[in-house]
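The values are calculated or read from the model by the stated rules, or taken from the named source; none is laboratory data. Note that the coordinates shown come from a computational prediction; the quantities given were computed from them, not determined experimentally. Neighbour counts are summed over all protein chains in view; Cβ atoms, including those assigned to glycine, are modelled from backbone coordinates with ideal geometry. Side chains are part of the model used for accessible areas, which takes the heavy atoms of the whole protein and leaves out ligands, DNA and RNA. Shrake-Rupley method; radii C 1.70, N 1.55, O 1.52, S 1.80 Å.
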Amino acid sequence: MTISLHVVPTTGAPFDHEPDGDSVIIGRSSDAAIAVPDRSMSRRHARLFRSAGEWLVEDLGSRNGTLLNGRQITDPTPVGIGTSLRVGSTTISVSESAGEATALTSAGIEFDGHSVFRSAADLLKEPQAISSGAVSVEDDVLRRYTARLKVLNEVHQSLDRNLSLEDLLELILDRAFDNLRPEEGTIFLKGADSEYYRAATRSIKGDGSKSLYSNSLVRQVVEKGQAALVLDTTADERFNQAMSLLDAGVRSLVAAPLLDPAGALGMIVLGSTLGIRQFNEGDMELLTSLASVAAMRIRNTRLTEEALERERLERDVALARQIQVGLLPSALPEIEDWKIYAHNIPSRGVSGDFYKVELVDDGTCAIMVADVSGKGIAASLLTASLEALAAGPIHDSVPPEKICDRVSHLLFERTPPEKYATGFLASFDPVSGVFRFCNAGHNPGIVLRTGGEVELLESTGMPLGILPSAVYAGEDVTLEIGDTVVLYTDGLTEAENPEEEEYGEERLAELCAEHRAESLEELAATISADQDAYVRGVPYVDDRTVVLVRRV
């Protein structure tokens with residue numbers, strides 16, 4: 001017996017291998033007949049060999065063992081047509097060599113006395129050729145195609161409705177059962193993980209169909225784009241190893257791929273016992289046409305559902321952004337002899353950044369700039385929580401380091417371990433110019449002195465919410481007339497150019513020092529323009545927030 005091996009590695013495209021001798025080594029080694037770069041496979045993992053006209057498989061002392069039809073082997077074990085081997089993370093299916101099958105290749109048909117496989121694309125072209133007069137046919141063939149077109153017209157009309165995917169699949173099975181009278185039927189669709197799942201199933205016994213799956217059938221129908229007619233599963237070596245088929249008594253099968261321009265979406269399979277009926281080539285042709293119509297409807301339904309989901313997400317993002325903007329100050333405090341400027345630019349509609357500037361009852365002005373972990377809607381929710389936790393203490397004139405201590409503890413209790421935030425909290429006295437701050441693992445604030453000096457307000461504690469308790473220190477600096485404080489989030493400094501080089505804190509500090517004489521609005525515009533020039537069109541992947549404070 002000559003065999004063919006269909007190899008499906010975890011990475012890379014599947015491929016076929018036909019042994020040209022009596023021994024085949026499988027492993028990671030480049031010397032192996034079947035060499036696969038599979039980390040879970042040993043260099044010489046397993047061997048297929050022929051003895052007395054029979055193929056066997058043996059494990060060569062591999063690290064992870066060799067599985068035959070899901071069971072680990074310990075001794076040389078016979079391998080039959082339809083067998084599935086698991087070598088590391090690679091699957092190898094055994095089938096009959098094409099050289100031994102009787103193939104009507106001139107007509108695009110494979111037939112071995114038990115099963116017929118035809119190109120689904122060729123089957124779909126035949127009615128067009130007949131209707132155009134490109135080929136001449138006998139009257140009985142013409143009548144058969146006329147009846148087929150009538151059925152398809154009825155199917156088109158019945159499917160031409162706005163349905164959910166679940167309802168659409170049920171309706172497809174309705175039409176398949178009405179016209180082909182199987183005992184069982186299943187529609188398999190390819191999932192996001194490229195595995196096939198039962199998307200819809202039916203049985204006249206009323207218990208659903210769980211049996212119409214075979215690896216050989218998937219390869220022939222989905223991967224090769226062929227329609228299949230199996231006259232007797234017990235007589236075809238490709239299917240007589242499929243216990244689910246045999247246990248259910250399924251003897252005759254007809255299947256067709258759900259063809260999409262981008263590839264097969266899956267397949268539809270109908271089964272029956274020979275006591276009820278045996279499918280024929282006319283059934284295969286009709287199911288192929290039905291599957292073609294179904295694939296188009298499935299694709300359109302999926303596109304519609306995806307569009308609706310995108311619209312829903314866009315509405316959610318817009319609403320989240322609206323709520324988040326409501327948390328940001330609608331207007332900044334106007335303080336005699338001081339200027340304040342702030343802006344927030346989200347990277348994904350909603351932001352993980354947050355800032356707050358508030359004039360409190362004791363006459364001081366409180367400032368908070370925070371950046372929560374993550375991006376998008378999840379980050380915006382955490383931002384809202386952080387604002388709520390800090391709002392009360394800020395309003396009560398609690399010192400920055402005490403606010404960080406309290407907020408960090410509450411944030412730790414309310415969020416999973418991977419969620420945290422960096423924050424810069426400050427409070428300044430408009431009269432004395434004393435600027436007290438606590439930097440909770442945040443980017444260093446930049447103090448621009450009128451004399452040209454630049455001071456960095458470095459971290460005085462860890463990020464908020466990482467540990468149940470932490471120590472935060474407060475420090476003071478005094479701002480003189482003309483001094484400016486620049487606070488920001490890492491969306492500015494971590495922006496990258498096409499060479500994947502970050503903008504950086506040093507460049508930001510130098511730029512701000514060079515343009516210290518500009519108004520705060522002009523300085524903010526200068527920072528944005530310099531960033532745009534630096535990234536050269538590379539999208540910003542993180543939110544950007546700037547708060548500028550100047551004593552005038």
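Would you list R44, R118 from the most to the least accessible area, probe 1.4 Å?
Details: R44 140, R118 25 Å².
From most accessible down to least: R44, R118.
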Task: Segment D316-E334, length gained on full extension (0.36 nm per residue, minus Cα span) - done: 3.1 nm
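What do you get for Rg/Rh over the stretch 506-552 if you use C-alpha atoms and the Kirkwood form of Rh?
On the way: Rg = 11.6 Å, Rh = 11.7 Å.
Taking Rg over the Kirkwood Rh, I get 0.98.
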- [ ] Compute the length gained on full extension between K205 and D75: take 0.36 nm times their separation in residues and subtract their Cα-Cα distance, giving the result in nm to one decimal.
- [x] 42.6 nm
Open item on the list: Which residues among the stretch 499-526 fall inside the zone where the amide N is under 11 Å from a point 7 Å beyond the Cα of R536, along Cα→Cβ?
Closed with: 499-501
Task: Relative packing of 485-496, 405-416, 30-41, which averages over residues the other C-beta atoms within 10 Å, highest first - done: 485-496, 405-416, 30-41
Task: Peptide ranges 528-536, 217-225 listed from the most packed, as the mean C-beta count within 10 angstrom indicates - done: 217-225, 528-536
TODO: Please label the shape of the stretch 409-514 as rounded, prolate or oblate, based on the square roots a ≥ b ≥ c of the eigenvalues of the alpha-carbon gyration tensor (a/c under 1.5 means rounded; beyond that, a/b larger than b/c means prolate, else oblate).
DONE: oblate
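Just order 446-454, 308-316 by mean Cβ neighbour count inside 10 Å, highest at the front, would you?
Values: 446-454: 15.0, 308-316: 10.7.
So the peptides 446-454, 308-316, ranked by packing, come out 446-454, 308-316.
Kindly state, to the nearest 0.05, the FRET efficiency for E500 paired with L56, given R0 = 45 Å and r defined as their beta-carbon distance. It would help to have the intermediate numbers written out before the result.
Values: r = 53 Å, r/R0 = 1.17.
Between E500 and L56 the formula returns 0.30.
Evaluate the charge dipole of the stretch 1-86 about its Cα centre and quote only its size in Debye, nearest 20, assuming +1 on the Cβ of each Lys and Arg and -1 on the Cβ of each Asp and Glu.
Working: 9 positive and 10 negative charges, 87 e Å.
Computed about the Cα centre, the dipole is about 420 debye.
Efficiency by 1/(1 + (r/R0)^6): what FRET value for D178 and A121, r their Cβ-Cβ distance, R0 = 25 Å, to the nearest 0.05? Please report the intermediate quantities before stating the final value.
Numbers: r = 25 Å, r/R0 = 1.02.
For D178 and A121, the calculated efficiency is 0.45.
Can you tell me the length gained on complete extension of the stretch A391 to R44, counting 0.36 nm per residue apart and subtracting the Cα distance? Don't skip to the answer; put the middle values down first.
On the way: separation 347, 0.36 × 347 = 124.92 nm, distance 6.46 nm.
Taking 0.36 nm per residue and subtracting the Cα distance, the gain is 118.5 nm.
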- [ ] For the stretch 13-57, just say rounded, prolate or oblate: build the C-alpha gyration tensor, square-root its eigenvalues into a ≥ b ≥ c, call rounded for a/c under 1.5, and beyond that prolate if a/b exceeds b/c, oblate if not.
- [x] prolate
Open item on the list: Under 14 Å between alpha carbons, and skipping anything fewer than 8 positions from K205 in its own chain: which aspartates and glutamates qualify?
Closed with: E183, E184
